[in-house]
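The values are calculated or read from the model by the stated rules, or taken from the named source; none is laboratory data. Here the structure is a predicted model, which is why all the values come from computation and not from measurement. Cβ placement follows ideal geometry from the backbone for every residue including glycine, while neighbour counts extend to all protein chains displayed. These accessible areas exclude ligands, DNA and RNA; they are computed on the full protein's heavy atoms, side chains included. Shrake-Rupley method; radii C 1.70, N 1.55, O 1.52, S 1.80 Å.
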Amino acid sequence: MKLPDAQLMDKIQDLKNSKRAVILAHNYQHPEVQLAADFLGDSFDLSRKAASVEADIILFCGVSFMAETAKIISPEKTVLLPRPDFVAGCPMANMVTAADILQLREKYPDAAVVTYVNSTAAVKAEADICCTSSNAVEVVKKIPARQVIFVPDRNLASYVQRFVDKQIIPWDGYCYVHNRIDLQSVVEARRSRPEAELIVHPECLPEVIDQADAVLSTSGMIDRVHHSEKTEFMLGTEVGLIHRLQRELPDKNFYAAGTARFCDGMKQTRLKDLYHSLEEEKFKVDLSADLLESARDSLEKMLRYV
Ligand code: 13P
Ligand code: SF4
């Protein structure tokens, strides 16, 4: 039976209260999912929230590495992903494996390993520290090593390299959403709207980042445009964020920098999935105790560092 959104929303709230659950949602989620959430944010905000929130269940609306991260940080809680992990996934997170890290360590024995949080639990377990798009530069600056292996995002690695006097050894992964925002369409888009401020995500190509007025995480972008006196913005990120900002700030104008792209994994979750997931307590993030313990260190180090 298909229920209207308002009724579904009420049922989700009832289930949430009776099961002591909280709903965390990433900034790229569908609007109705964002409305149902107790907390919205970028990967870093949501990691911090998973560490501090009081609840028995976290219903994590995002992609699987984010729900895994919440479980690693709060292993005593039940963490649910409303869709199965192979549906709500991030392809970049699967571009590097734990075995790759071991090989890199053999090749560069003096290097520290920093993994972007967009990675599997097994990779986090082999890394020295995690980072997110909002703190990658700070983490790499602080880690006491002259050589840093950075996985899996080559674009974020090259962005960090601009700010640090250390050798960064990048892995060759990338985000298909941000990597497809190409220089030529960004230049053309800018030419057609010279008054717009260009803000891009650090997962974008280096030549796109070169054009930008600001390079920020998704929450960084939201914060900047809310507090800016400017009225025209061109965003180099997933298009759902552009639609959301246009709704929140109707007196300002938002455009896609180049071709507008959706993240498939992020867009798999709908309101009905929240309801079924909470009701049936599916799909539980299930990681072995050993993996939980070995992956926790790199995440806790990040939370202590920044
Ligand atoms: P943020 O941490 O900036 O929200 O980025 C997560 C992500 O997956 C971007 O593609
Ligand atoms: Fe992964 Fe890219 Fe989607 Fe972010 S936008 S979750 S990096 S595929």
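Check which residues have an amide H placed less than 5 Å from Ile169's amide H, if you skip close sequence neighbours.
Answer set, sorted by chain and number: Val148, Ile149, Phe150.
Give the relative contact order (percent, whole number) for segment 152-238; include only Cα pairs under 8 Å separated by 6+ residues.
Details: 116 pairs, mean separation 26.9, N = 87.
This gives 31 percent for segment 152-238.
Show the residues, 5+ positions off or on another chain, whose built amide H is closer than 5 Å to the amide H of Ile129.
The answer is Val113, Thr115.
Counting only Cα, what are the radius of gyration and maximum Cα-Cα distance Dmax of segment 5-114, in Å?
Final numbers for Rg and Dmax: 16.6, 57 Å.
Sort segment 250-306 into rounded, prolate or oblate with this rule: let a ≥ b ≥ c be the square roots of the eigenvalues of the Cα gyration tensor; rounded if a/c is under 1.5, and if a/c is not under 1.5, prolate when a/b is larger than b/c, oblate otherwise. Intermediate results must be reported in sequence, preceding the final value.
Numbers: a/c = 2.70, a/b = 1.36, b/c = 1.98.
Oblate shape, in that a/c is at least 1.5 and b/c is the bigger or equal ratio.
Specify whether the C-alpha gyration tensor of segment 104-208 places it in the rounded, prolate or oblate class, a ≥ b ≥ c being the square roots of the eigenvalues: rounded for a/c under 1.5, otherwise prolate if a/b is larger than b/c and oblate if not.
prolate
Please report, as a whole percent, how much of the solvent-accessible surface of the chain comes from carbon and sulfur atoms (probe radius 1.4 Å).
Percent of accessible area from carbon and sulfur atoms in the chain: 48.
How much of the DSSP bridge set in the chain is antiparallel, in percent, rounded to the nearest 5?
Details: 1 of 34 bridges.
Just about 5 percent of them are antiparallel.
Would you mind working out the accessible area per residue for segment 189-264, using a 1.4 Å probe, and quoting it in Å²?
44
Can you tell me how much longer the chain between Arg105 and Ser192 gets when fully stretched, taken as 0.36 nm per residue apart minus their C-alpha distance, in nm with one decimal?
Between Arg105 and Ser192, full extension yields 26.6 nm more.
What does the charge count near Asp38 come to, summing +1 for each Lys or Arg and -1 for each Asp or Glu among other residues with Cβ under 10 Å from its Cβ?
On the way: positive: Lys16, Lys49; negative: none.
Value of the local net charge: +2.
Name the residues whose placed amide hydrogens come within less than 5 Å of the amide hydrogen of Asn253, ignoring near sequence neighbours (fewer than 5 apart) on the same chain.
Glu232, Phe233
Can you say what percent of the DSSP beta bridges in segment 57-188, counting only those with both residues inside, are antiparallel? Round to 5.
Here the antiparallel bridges make up roughly 0 percent for segment 57-188.
Please get the size of the charge dipole for segment 28-154, origin at its Cα centre, with Cβ charges of +1 on Lys and Arg and -1 on Asp and Glu, quoted in debye to the nearest 20. Before the final figure, lay out each step's value.
On the way: 12 positive and 16 negative charges, 71 e Å.
With Lys and Arg at +1 and Asp and Glu at -1, about 340 debye.
Give a quick list of chymotrypsin sites (Phe, Trp or Tyr not before Pro) in segment 118-198 that DSSP marks as loop, anything other than H, G, I, E or B, with at most 15 other Cβ atoms within 10 Å.
Loop-located and lightly packed - Phe163.
Please give the per residue accessible area of segment 3-143, computed with a probe of 1.4 Å over protein heavy atoms only, in Å². Don't skip to the end; give the middle numbers.
Details: 5280 Å² over 141 residues.
About 37 Å² of surface per residue is accessible.
With +1 on each Lys and Arg Cβ and -1 on each Asp and Glu Cβ, how big is the dipole of segment 116-246 about its Cα centre, in debye rounded to the nearest 20?
That gives a dipole near 220 debye.
In segment 171-247, with Lys and Arg counted as +1 and Asp and Glu as -1 at Cβ, which of these residues, Thr218, Cys175, His243, has the Cα nearest the positive end of the dipole, that is, farthest along it?
Checking the options against the dipole of segment 171-247, the answer is His243.
Which of the GluC sites (Glu not before Pro) found in segment 216-274 are in a DSSP loop and have at most 10 neighbouring Cβ atoms, other than their own, within 10 Å?
Working: sites: Glu229, Glu232, Glu238, Glu248; in loops: Glu229, Glu238.
Here the sparse-neighbourhood loop sites are Glu229.
Along the positive direction of the dipole of segment 136-261 (beta-carbon charges: Lys, Arg +1; Asp, Glu -1; about the Cα centre), which of Phe150, Phe233, Ser192 reaches farthest?
Phe150
Output wanted: per-residue J couplings in Hz (rounded whole) for segment 7-22, from phi through Karplus 6.51 cos²θ - 1.76 cosθ + 1.60, θ = phi - 60°, x for Gly and Pro.
Once rounded to whole Hz, the list reads 5, 4, 4, 4, 5, 5, 4, 4, 4, 4, 5, 5, 9, 6, 10, 10.
With a ≥ b ≥ c the root eigenvalues of the C-alpha gyration tensor of the chain, is it rounded (a/c under 1.5), prolate (a/b larger than b/c) or oblate?
Working: a/c = 1.96, a/b = 1.07, b/c = 1.83.
Here the chain falls in the oblate category.
With +1 on the Cβ of every Lys and Arg and -1 on the Cβ of every Asp and Glu, and nothing else charged, how large is the dipole of the chain about its Cα centre, in debye rounded to the nearest 20? Let's see the in-between values first.
Details: 37 positive and 45 negative charges, 18 e Å.
So the dipole magnitude of the chain works out to roughly 80 debye.
Suppose R0 equals 45 Å. What FRET efficiency, 1/(1 + (r/R0)^6) with r the Cβ-Cβ distance, do Asp290 and Leu249 give to the nearest 0.05?
0.45
Using only C-alpha positions, report the orientation-averaged shadow area of the convex hull of segment 60-142, nm², one decimal.
So the Cα hull casts an average projection of 6.1 nm².
Roughly speaking, what is the stretch gain from Leu35 to Asp172, that is 0.36 nm per residue apart minus the C-alpha to C-alpha distance, in nm to one decimal?
Going from the current span to full extension adds 45.7 nm.
Exactly which trypsin sites (Lys or Arg not before Pro) in segment 17-78 are in a DSSP loop and have at most 14 other Cβ atoms within 10 Å?
Of the trypsin sites (Lys or Arg not before Pro), the ones in loops of segment 17-78 whose Cβ has at most 14 other Cβ atoms within 10 Å are Arg20.
In whole Hz, what ³J(HN,Hα) sequence does segment 122-134 give by Karplus (6.51, -1.76, 1.60; θ = phi - 60°), x for Gly and Pro?
With coefficients 6.51, -1.76 and 1.60, one gets 5, 6, 4, 5, 8, 8, 7, 7, 9, 8, 10, 5, 8 Hz.
Provide, as a two-decimal number, the C-alpha radius of gyration of segment 169-306 over 2.2 N^0.38 Å, N being how many residues it has.
1.29
For a paramagnetic label modelled at 7 Å from the Cα of Phe86 toward its Cβ, which residues of segment 109-134 fall within the zone defined by backbone nitrogen distances under 18 Å?
Flagged as within label range: 120-121.
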